[in-house]
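Report on the structure given below.
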């Protein structure tokens, strides 16, 4: 599977499955934009209904991402990668995220695909945001010797309190491929007893243009508001099922987890 180098719109579905103590499943439609951090302005300005850092039907705001330092996103990500011992040699960094819809956004997770100048995918950065408005990014290298058919297979210890129904003693496993004509990513959360929750996303690629934007918005109006509403609605159903709440701990000492090697403390094979 060969990654597409250009900006794009991806439309598909997300599924969440909690395995225990009470099984629970939800699935919903969603769309994302894929933006090359060096070339997004050219793509965005070609669309009348998509803007950067100002109101529109869809918009991308730099402040919605990164470590809140105010530095350009490219510099932020390169700084994280440098700490992990990774040099892209000028290669592209592509961000997959939900845009603002009529000025509003909530992104549970965004993905930075970090490519070397020769086209190799060297690292991923998973930017997770909680409903408590706390953001944490996991920066993980990709072991080239372990790749099979371009598969991304990575793990990290949980560092952000995301849900009041899950504790902090967990690990994540990320499995997927660099987006091409299709997009896929599975995220499994493990605790001491094994897999606890699974999230899966699949989508198809469309050109980032006004026609595709209108079709996506009409098919999924008020997308970002619905994501937040769905999170709280599903939380209510978990409460009614008797799933116990956990206590929110203090935030991690820094908003980024930098990993220089594999992590597999509780990860399944």
> Picking from 84, 125, 63, which is most flexible by a Gaussian network model of the chain using Cα springs under 10 Å?
Replying inline: 63
> Between residue 39 and residue 151, what length comes free when the chain is fully extended (0.36 nm per residue of separation minus the Cα-Cα distance, one decimal in nm)?
Replying inline: 37.8 nm
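Calculate, for residue 239 and residue 134, the FRET efficiency according to 1/(1 + (r/R0)^6) with r their C-beta to C-beta distance and R0 22 Å; round to the nearest 0.05. Present the calculation step by step, with values, prior to reporting the outcome.
Values: r = 22 Å, r/R0 = 0.98.
Given R0 = 22 Å and the Cβ-Cβ separation, E is 0.55.
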> Taking the Cα-to-Cβ direction at residue 46 and at residue 28 and moving 7 Å from each Cα, how far apart do the two end points lie in nm?
Replying inline: 3.1 nm
> Expressed as a rounded percentage, what relative contact order does the stretch 8-258 have, with Cα pairs under 8 Å and six or more residues apart?
Replying inline: 22 percent
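I'd like the FRET efficiency for residue 20 and residue 254, computed as 1/(1 + (r/R0)^6) with the beta carbon distance as r and R0 of 41 Å, rounded to 0.05. Before the final figure, lay out each step's value.
Numbers: r = 32 Å, r/R0 = 0.77.
Plugging the Cβ-Cβ distance into 1/(1 + (r/R0)^6) gives 0.80.
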> What nm distance separates the two modelled labels at residue 71 and residue 210, each placed 7 Å from Cα along Cα→Cβ?
Replying inline: 3.8 nm
>> Need one number: the % of Cα-Cα pairs in the chain sitting beyond the 28 Å mark.
In response: 33 percent
> Which FRET efficiency value, to the nearest 0.05, do you get for residue 83 and residue 62 by plugging their Cβ-Cβ distance into 1/(1 + (r/R0)^6) with R0 = 30 Å?
Replying inline: 0.90
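Note the full-extension length gain between residue 169 and residue 102 as 0.36 nm times their separation in residues minus their Cα-Cα distance, in nm to one decimal. Can you show the working numbers first?
On the way: separation 67, 0.36 × 67 = 24.12 nm, distance 3.72 nm.
Additional length available on full extension: 20.4 nm.
Arranged by the count of other C-beta atoms within 10 angstrom, fewest first, what order do 35, 102 take?
Numbers: 35 23, 102 16.
Final ranking by Cβ density, sparse to dense: 102, 35.
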> So for the pair residue 218, residue 53, with labels modelled 7 Å out along Cα→Cβ, what separation do we get in nm?
Replying inline: 3.3 nm
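Values in this text are rule-based calculations from the coordinates and carry no lab data. What you see is a predicted model, and the numbers here were worked out from it, not measured in a lab. Don't worry about glycine lacking a Cβ; one is built from the backbone with ideal geometry, like all the others, and counts go over all protein chains shown.
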